[in-house]
1. For the modelled label position 7 Å from the Cα of Ile38 along Cα-to-Cβ, which residues of the range 6-29 have backbone nitrogen atoms closer than 11 Å?
2. May I ask you to compute the full-extension gain from Ser62 to Met1, defined as 0.36 nm times their residue separation minus their alpha-carbon distance, rounded to one decimal in nm?
3. Considering only protein heavy atoms and a probe of 1.4 Å, how much of the accessible area of the chain is carbon and sulfur, as a whole percent?
4. Starting at the first residue of the range 29-39, write each ³J(HN,Hα) from the Karplus equation 6.51 cos²θ - 1.76 cosθ + 1.60 with θ = phi - 60°, in whole Hz, x for Gly and Pro.
5. How tilted is helix 89-102 with respect to the longest principal axis of the chain? Cα atoms for both, answer in degrees (0 to 90, nearest 10).
6. When the dipole is taken about the Cα centre of the chain, and only Lys, Arg (+1) and Asp, Glu (-1) are charged at their Cβ, what size is it in debye, to the nearest 20?
7. Whole-Hz Karplus ³J(HN,Hα) for the range 44-50, in order, using 6.51 cos²θ - 1.76 cosθ + 1.60 and θ = phi - 60°, x for Gly and Pro?
8. What accessible area per residue comes out for the chain, rounded to a whole number of Å², with a 1.4 Å probe?
Amino acid sequence: MTVWQQVIMVGMIVLGTMLTRFLPFLLFPSGKPTPKYIQYLGKVLPSAVFGLLVVYCLKKVSLFAGSRGIPEAVSMAVVIALHLWKRQMLLSIAGGTVCYMLLVQFVF
């Protein structure tokens, strides 16, 4: 890329970052109550993202080839156990990911 293209690209990245950071504060100022649909989205989107992550991670698992889904099943059990124990989504996702990577690299 030329220098001019690099400058344009960095400028667009800065603009996109600033837009995503500042726009919520402009649309929903602190003095006004948060709209009901935004509160609703705040409640349902974390579960929806978690569901999408599960579907994405398991879409190519074959029960008839390779390790037959054993690392995936064990990792799902770890995710469920961690989530029931600590109730923290990021810890559950990270724990399941680490478990899966260890199983794939060293066991299967």
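The values are calculated or read from the model by the stated rules, or taken from the named source; none is laboratory data. This structure is a prediction, so every number in the text was calculated from the model and none was measured. Cβ: placed from backbone, ideal geometry, glycine included. Neighbour counts: every protein chain shown. What goes into the accessible areas is simple: the full protein's heavy atoms, side chains included, and nothing from ligands, DNA or RNA. Shrake-Rupley method; radii C 1.70, N 1.55, O 1.52, S 1.80 Å.
1. Label zone hits: 23-29.
2. Computed gain between Ser62 and Met1 is 17.7 nm.
3. 74 percent
4. x, 5, x, 9, x, 6, x, 4, 5, 6, 4
5. The answer is roughly 50 degrees.
6. Here the chain has a charge dipole of around 300 debye.
7. These are the phi-based 3J(HN,Hα) values: 9, 5, x, 5, 5, 5, 5 Hz.
8. 84 Å²
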